[in-house]
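Enquirer: What follows is a single structure, and I will ask about it in a moment.
What follows draws every value from the coordinates through simple rules; no lab data is involved. Remember, predicted model here, so these are calculated numbers, not experimental data. All Cβ positions, even for glycine, are placed from backbone atoms using ideal geometry, and neighbour counts span all protein chains on display.
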Amino acid sequence: MKDKPLMCIEFDGISGGFNRKGRYIQRKFDKERKRKLELKLQIAQRDHFPFFVISYEEEERIPKHTHLMLIDSIIGQTIATKFFKEKVKNFRDSHQLSKVNEETFQDIVIQLEAELELEWDPIAKKVTEIEAFLMRKGLIKSWNYRYLEKPSLSPLKNLSDTSTLVERAKMLERVIWIGCRVVYTTIKGKTGATAWVRNIENEYVSPFIIAKNSAMLTALYKVLRLFKLDFNLFK
């Protein structure tokens, strides 16, 4: 990757758009701008080059009083995914794969993915730091989360029905916002937060992961506030 651009980001302040799987989605319609950006996206997708269209929504601070933004996580995930693909390819090409069984290989892959996320995604890294600190102090007992969508999707009635799953996938294509609600159970009760990110899914980035990490970080700062702990410990 030396001397090669890792990714490209185009800020769309005019139409407030974003991209998903090579498709440009506008908030304010502009036919000519749509044509130009979709051409760029098609070329980038053909060459497996990460190209993102963002607007003010992706510059939102998470939480609002910190320096971290959704775009930081988008950049971090993209770089982590590129390195992950490269390392897995090198592992396969080195013929080391034949020396390990499938279960061991899956363990290696999971560990590598987690390590790269913590190395490159600053929101994920901050979540790990604060959560570990609060758990060491015995302030957090458990946590849970659930995903949300806008427009919302109807519940799945039959998971074994293939046609239902196909229809669900089509419905997910129309979802504009992916959200996550995270709740921590502390020794003083429950504290939670909800975060939303536009549906920017592609081969490098998952809006579900970004939404969950963002909700976790916002909720963790609420826990710090609940116990009157210094935010400056986690600058």
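Enquirer: Between Pro122, Pro50, Pro151, which gets the highest mean-square fluctuation from a Gaussian network model of the chain, Cα cutoff 10 Å?
Expert: Comparing Pro122, Pro50, Pro151 in a Gaussian network model of the chain, the most mobile one is Pro151.
Enquirer: Pick from Val223, Val166, Val109: which is most flexible by mean-square fluctuation in a GNM of the chain where alpha carbon atoms under 10 Å apart are linked?
Expert: Fluctuation is largest for Val166.
Enquirer: Need the list of lysines near Lys235 for cross-linking: C-alpha distance under 21 angstrom, and skip anything on the same chain fewer than eight residues off.
Expert: Lys64, Lys125, Lys126, Lys137, Lys212, Lys222
Enquirer: Using only DSSP helix segments of four residues or longer, with each worth -39500 (n - 2.57), what per-residue ellipticity at 222 nm results for the chain after dividing by its residue count and rounding to 500?
Expert: Rounded to the nearest 500, it is -15000 deg cm²/dmol.
Enquirer: Oh, and also: Of the residues Thr218, Thr185, Thr104, which exhibits the maximal mean-square fluctuation in a Gaussian network model of the chain defined by a 10 Å Cα contact cut-off?
Expert: Of Thr218, Thr185, Thr104, the most mobile in the Gaussian network model is Thr104.
Enquirer: Right, another one. Mind putting a number on the dipole of the chain about its Cα centre? Charges go on the C-beta only, +1 for Lys and Arg and -1 for Asp and Glu, and I need it in Debye to the nearest 20.
Expert: I would put it at about 800 debye.
Enquirer: Within the chain, what percent of beta bridges assigned by DSSP are antiparallel, to the nearest 5?
Expert: Rounded to the nearest five, the antiparallel share is 85 percent.
Enquirer: Give me the extension gain from Lys150 to Arg61: residue separation times 0.36 nm, minus the current Cα-Cα distance, reported in nm with one decimal.
Expert: Full-extension gain reported as 30.0 nm.
Enquirer: Sticking with this one: Roughly what would the spin-label model give for Thr128 and Val88, points 7 Å off Cα along C-beta, in nm?
Expert: 1.8 nm
Enquirer: Something else now. Please give me, ordered by residue number, the trypsin sites (Lys or Arg not before Pro) of the range 1-67 that lie in loop per DSSP and have at most 16 other Cβ atoms within 10 Å.
Expert: Lys2, Lys21, Arg27, Lys28, Lys64
Enquirer: A follow-up question, please. By Kyte-Doolittle mean hydropathy of at least 0.5 and Cα axial length of at least 24 Å, which whole DSSP H helices of the chain are selected?
Expert: Result, helices passing both filters: 207-226.
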